[in-house]
Amino acid sequence: MAPFILIVEDEADLAVMLRYNLEAQGYRVATVESGDAATLQLQEELPDLILLDWMLPGLSGIELCRRWRTKEETSRIPIIMMTARGEEEERVRGLATGADDYVVKPFSVPELLARVKAHLRRANPSLMSNALKSGDIELDRETHRVSRSGKEVHLGPTEYRLLEYLMQSPGRVYSREQLLDGVWGNDVYVDERTVDVHVGRLRKALNRGRAKDPIRTVRGAGYAFDEKFTATG
């Protein structure tokens, strides 16, 4: 299961931008606009990391952080505070309340993504493992090698990135547009039909003989790494 990140931010444009970039990295993301909504979300599913705005309607981010740190179930969740307050004493106050990190608006998105990844790795190394395994397919992020049933599968760089992206969230359906953004990057113009071509190449490389196809096509929606393959492949 991909890491789950909760964004608590009442500025709609910023929340949308953060969600878009985090999902492009393969994370599962939920966004809420207030402390009350965040509390309800925490009751449904505990996140692996929280991006928390300092200034919120109702309870402030500082007060939410303080409360979450006093509860056993939320005490160890990494919290990155987002705020327009850049003064040293305010940063100290945020960190003293229990925040793990602090970014000042406007911030660099690549830097924030790097901080998210670092805190996730520190809090739960297994979430950011260098190896992905599903059924008889193994992907090694350090060596960029893929094997199936112990035999190496030779993939081109794009097919490798596509497989890695899909394997991070088994069962999740990605549209062609989402795959283009996540695998090729949103700064590169590539026709959506290119996704179909590379999915076909990936399938051809993986599915030798009578091997089960791990890529599920969802008509009118896109592609997913089959969660049933994960369980029984």
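The values are calculated or read from the model by the stated rules, or taken from the named source; none is laboratory data. Only a predicted model underlies this, so the values are computations on that prediction, with no experimental measurement involved. Cβ atoms come from the backbone with ideal geometry, glycine included; neighbour counts cover every protein chain shown. Each accessible area value is taken on the protein alone, full model and side chains, heavy atoms only, with ligands, DNA and RNA left out. Shrake-Rupley method; radii C 1.70, N 1.55, O 1.52, S 1.80 Å.
Looking at ALA24, ALA37 in this structure, which one is open to solvent by 10 Å² or more (accessible area, probe 1.4 Å) and out of contact with any helix residue (DSSP H, G or I) (no Cβ under 7 Å at 6 or more places or on another chain)?
That would be ALA37, the only listed residue that is open to solvent by 10 Å² or more (accessible area, probe 1.4 Å) and out of contact with any helix residue (DSSP H, G or I) (no Cβ under 7 Å at 6 or more places or on another chain).
Just need a number here: residues in region 125-182 that are among the aliphatic types (A, V, I, L, M), modelled with pLDDT of 90 or more and open to solvent by 40 Å² or more (accessible area, probe 1.4 Å).
The total comes to 1.
Exactly one condition in (1) open to solvent by 80 Å² or more (accessible area, probe 1.4 Å); (2) more than 22 Å from the chain's Cα centre (by Cα) is false for ASP13; which is it?
ASP13 satisfies every listed condition except (2).
Counting only residues that are of a type in the set (Val, Ile, Thr) and open to solvent by 40 Å² or more (accessible area, probe 1.4 Å), how many does region 206-217 have?
1
Take THR217 and decide whether it is polar (S, T, N, Q), closer than 22 Å to TYR27 by Cα and in a helix (DSSP H, G or I).
Judged against the criteria, THR217 is not a match.
Scan GLU90, GLU63, GLU73 and give me the residue that is modelled with pLDDT under 85 and not aromatic (Phe, Trp, Tyr).
The match here is GLU90.
Looking at this structure, is ASP187 at pLDDT 85 or above and either open to solvent by less than 20 Å² (accessible area, probe 1.4 Å) or farther than 20 Å from ASN130 by Cβ (or both)?
no
Quick check, is ILE79 in contact with a strand residue (DSSP E or B) (Cβ under 9 Å, 6 or more places away or on another chain), at pLDDT 90 or above and not charged (D, E, K, R)?
Yes; evaluated as a whole, the condition is true for this residue.
Given the conditions (1) over 19 Å from the mean Cα position of the chain (by Cα); (2) open to solvent by 30 Å² or more (accessible area, probe 1.4 Å), report the number of the one that THR31 does not fulfil.
Answer for THR31: the failing condition is (1).
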